[in-house]
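Engineer: Below are the C-alpha cells for one structure; questions will follow.
What follows is calculated from the coordinates using simple rules that are stated; it is not laboratory data. Quick caveat, the model's predicted, so the values are computed rather than measured. Note: ideal-geometry Cβ built from the backbone for every residue, glycine included; neighbour counts use all protein chains shown.
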Amino acid sequence: MKLSWEEHGQVALVIGSGEFAADSEGNFRRTISERFDNGARSVVLDLANVTLADSTALECLLWLSEETARVGGALRLVAPQHAVREALRLTRLADRFECAESVELAARSLR
C-alpha cells in the first residue's frame with residue numbers, strides 16, 4: 001500500500017492507496033510511529049483508495065487503535081471501500097472503528 005500524510009497539529013491525516021496486505025505492515029507501522037513521534041495523538045486514516053485489506057491489515061488497524069488510545073487520541077477511518085468494510089464485518093471488528101464518509105467529517109468528529 002502506498003502511504004502519504006499531512007500533519008495538522010495533534011491530528012495526522014494518513015492516506016492509503018492500493019492493497020493493504022502483509023507486505024505493507026512495516027511501512028505502515030513506521031509511518032504511523034513517525035507521526036506519533038512528531039506530536040500526533042489522533043489519526044484520520046483515509047481508506048477511500050484502498051482496494052483490499054488482509055488479516056495483517058486488520059492487525060495493523062487494531063494496533064493503530066490501541067496506539068491512539070494509549071496516547072490519549074482517537075482513530076477515524078475514512079470511506080473504507082466495500083472490500084475493507086466486508087473484511088471488518090466478517091471478522092466482527094466493524095464496531096471497533098469509527099468511520100466517516102469524508103476527511104472533513106472525520107476531522108470534525110475529533111473536535
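Engineer: Amide H to amide H, which residues 5 or more places from V50 or on other chains are under 5 Å from it, using H placed in the peptide plane?
Structural biologist: Residues meeting the amide H criterion: G18, Q81.
Engineer: Name the long-range amide H neighbours of E98: under 5 Å, sequence gap of 5 or more, or other chain; modelled H, no Pro or chain starts.
Structural biologist: L77
Engineer: If one takes the longest principal axis of the Cα atoms in the chain, at what angle in degrees, from 0 to 90 and to the nearest 10, does the Cα axis of helix 25-37 lie?
Structural biologist: 20 degrees
Engineer: Turning to a different aspect of this structure: Quick check for you: which residues of the stretch 4-44 have the amide N under 11 Å from the point 7 Å beyond the Cα of A83 toward its beta carbon?
Structural biologist: 18-21
Engineer: Please report, largest first and rounded to whole Å, the three semi-axes of the ellipsoid equivalent to the chain, where each semi-axis is the square root of five times an eigenvalue of the C-alpha gyration tensor.
Structural biologist: Over the Cα atoms of the chain, the semi-axes work out to 19, 15, 13 Å.
Engineer: Further question: At N27 and S109, where each label point lies 7 Å from the Cα along Cα→Cβ, what is the point-to-point distance in nanometres?
Structural biologist: 2.7 nm
Engineer: What residue among V14, V71, V84 has the largest mean-square fluctuation in a Gaussian network model of the chain, using Cα springs under 10 Å?
Structural biologist: Among V14, V71, V84, the largest mean-square fluctuation in the Gaussian network model of the chain belongs to V71.
Engineer: Turning to a different aspect of this structure: Once the dipole of the chain is set up with Lys and Arg at +1 and Asp and Glu at -1 on Cβ about the Cα centre, which of A107, S17, A57 lies farthest towards its positive end?
Structural biologist: Positive-most Cα among the choices belongs to A107.
Engineer: Next question, about the same structure. Please check which bits of the stretch 46-78 a label hung off D95 would reach, taking the label as a point 7 Å along Cα-to-C-beta and the cut-off as backbone N under 12 Å.
Structural biologist: none
Engineer: Tally Lys/Arg at +1 and Asp/Glu at -1 over every other residue whose Cβ is under 12 Å from the Cβ of W5; what's the total?
Structural biologist: That sum, taken over residues with Cβ under 12 Å, equals -1.
Engineer: I need to check one value: relative contact order of the chain, counting alpha carbon pairs closer than 8 Å and at least 6 residues apart, in percent.
Structural biologist: Normalised by residue count, the contact order of the chain is 25 percent.
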